[in-house]
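Below is one structure; the comments refer to it alone.
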Amino acid sequence: MSLFDTADLFGGDATPPPGAGRSAGGVVGRAAGAAEGSDVGGTGGRDAASGSAGAGPIPLAARLRPQTLDEVVGQRHLLGAGSPLRRLVEGGGTTSVILWGPPGTGKTTLAHIVSRATGRRFRELSAVTAGVKDVRAVIDEARAASSASGTRTVLFIDEVHRFTRTQQDALLPSVELGWVTLVAATTENPFFSVVSPLLSRSLLLTLEPLTDDDIRGVLDRALHDPRGYADRVALTDEAREHVVRLAGGDARRALTVLEAGAEALLADLAAVEAAKSVDPVDLVDLVEGVGAADGAGTGRPAALLEVAVLEQAVNRAAVRYDRSGDQHYDVISAFIKSMRGGDADAALHYLARMLEAGEDPRFIARRMIILASEDVGMADPGALGVAVAAGQALDLVGLPEARLALAQAVIHLALAPKSNAVIRAIDAATADVRAGRAGPVPAHLRDAHYRGAARAGSGAGYRYPHDAPGGVVRQQYPPDGLTGADYYQPGGNGFERRATERLRDLRSTVRGTPAEPAPDAAPPGPVG
């Protein structure tokens, strides 16, 4: 079974392309020059990961799973000397931990490394298939082992957020009494998905998405390591960056994409060689390698994996997008201008383009929040809440699901009435401050809660608006020299059409202009 849904990798029909399901060994491996008997992860001989005979092909990501903490890519903030994870692996730690992070960042890998710690029993449950009965059976075994020999049990629960409250509650006594050391993994926010008593008894460790350099390191290991392709396959620079973009910080996805492309390439080359349908010179050109790498010991060059093969193997075209170059700035600019201009369709295109290219979705969400105030503003006061909610949804559920919340916010922002009055208002106020027009705060507005404030005259004469009809009183609020400064100038769209009249009435009352008589008879309110 693939390490992530085949529908994600190969498209809606979930049907792998020819050769994508083949192992690196067998016919394909031999066609690419695999050394006699090496059979790395192949269908014949002994299984490279477990050593069992005839176990079938093992996915590349499983074959390359790190065996020690030093092989783990990324997460340096969790793996330093004396860290809880390192102490747990080295046999000295007893604290239960919850590993929270996006897919493919190493949660399951870290748990399996912990399983090799000496002097401990290791048990693993999947929250997808295990029930309360299974949990209690493991706990009973752990209690018996602890009583008989003092042996501690490490219990790994994958996708713990899928456990019901009852299932999670069943873990509490064993964790509390030390019968098991819990290592739980979750991709969802544990403050929402894990019961508080279990969370309080565990150390929460947050795993960060892998960087592009981390993913490149994973790919290099896969290409050179004997457990991977042992230098039988090489990536062009463009193909490498395409895999990095598709991975989106997920090492498992990067390896699965690489495997699909590499196996398709090796299968095609094997078919060509077997059919003898091309001139040997042409075949050499077809598999022109990089350097003199032959990895498998046959003297043949590595098969060169290009973007075209990857696109066909994973049914996803390479998006021409440089996250640090012109495309990054051009596409985000077009995205913002499309929403500002009311073209929801174009904005959705640019959103999809950025997401498919692996752009940081948090960057996209931040730009939408800015636009909600800068270009929509008070014409639709709810737009800011929609944009912020989309950003929060991204943090809570992650991609790919959060693309729906982002798309909903994009449509809302594009359709909303527009006004730039907010940015014009704050820019005008900022210009006055920078020009030195920032006089003292009027005495009646100053803080009057400290001892001696009355003697200093702070707060004297302040009028409490709630004591007046309509909740508005005549009173000076800006410093001297800025009375009458109209920074906010509402437009004529959406909510601001109504806000204009309200603003005129408020300014007239507060400033005591002739248009509105000041309510001088209003009783003064409390000082402070």
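The values are calculated or read from the model by the stated rules, or taken from the named source; none is laboratory data. Keep in mind that what you see is a predicted model, and the values were worked out from it rather than measured. Neighbour counts are summed over all protein chains in view; Cβ atoms, including those assigned to glycine, are modelled from backbone coordinates with ideal geometry. Keep in mind that these areas ignore ligands, DNA and RNA; they rest on the heavy atoms of the full protein, side chains included. Shrake-Rupley method; radii C 1.70, N 1.55, O 1.52, S 1.80 Å.
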Which residue is nearest to Glu208 (Cα to Cα), if the candidates are limited to the range 364-382 and must be out of contact with any His (no Cβ under 9 Å at 6 or more places or on another chain) and open to solvent by 20 Å² or more (accessible area, probe 1.4 Å)? Arg366
Would you check if Arg121 is outside any loop (DSSP other than H, G, I, E, B) and in contact with a helix residue (DSSP H, G or I) (Cβ under 7 Å, 6 or more places away or on another chain)? yes
Is there any pair with a first residue in the range 55-75 that is farther than 10 Å from Leu110 by Cα and a second that is charged (D, E, K, R) whose Cβ atoms are under 6 Å apart and which are 6 or more apart or on different chains, and what are they? Ala55/Asp47; Leu60/Glu259; Ala61/Arg252; Arg63/Arg227; Leu64/Arg227; Val73/Asp214; Gly74/Asp214
If Arg227 satisfies every condition in (1) out of contact with any His (no Cβ under 8 Å at 6 or more places or on another chain); (2) open to solvent by 60 Å² or more (accessible area, probe 1.4 Å) but one, which is the exception? (2)
If I filter the range 464-481 down to residues being out of contact with any helix residue (DSSP H, G or I) (no Cβ under 7 Å at 6 or more places or on another chain) and open to solvent by less than 40 Å² (accessible area, probe 1.4 Å), which single residue comes out as nearest to Ala428 (Cα to Cα)? Pro479
Give the residues of the range 84-104 that are in contact with a strand residue (DSSP E or B) (Cβ under 9 Å, 6 or more places away or on another chain), part of a loop (DSSP other than H, G, I, E, B) and closer than 28 Å to Asp220 by Cβ, sorted by residue number. Gly101
How many residues does the range 418-459 contain that are in a loop (DSSP other than H, G, I, E, B), touching a residue at least 24 places away in the same chain (Cβ under 8 Å) and open to solvent by less than 60 Å² (accessible area, probe 1.4 Å)? 6
Residue list for the range 168-198, restricted to those being over 23 Å from the mean Cα position of the chain (by Cα) and acidic (Asp, Glu): Asp169, Glu176
The one condition in (1) surrounded by 15 or more Cβ atoms within 10 Å (Cβ to Cβ); (2) under 30 Å from Gly249 (Cα atoms) that Val175 fails to fulfil: (2)
Looking only at the range 133-149, decide whether some residue is at pLDDT below 75, open to solvent by 40 Å² or more (accessible area, probe 1.4 Å) and not acidic (Asp, Glu). no
Is it true that Leu203 is surrounded by fewer than 20 Cβ atoms within 10 Å (Cβ to Cβ), closer than 27 Å to Leu396 by Cα and not charged (D, E, K, R)? yes
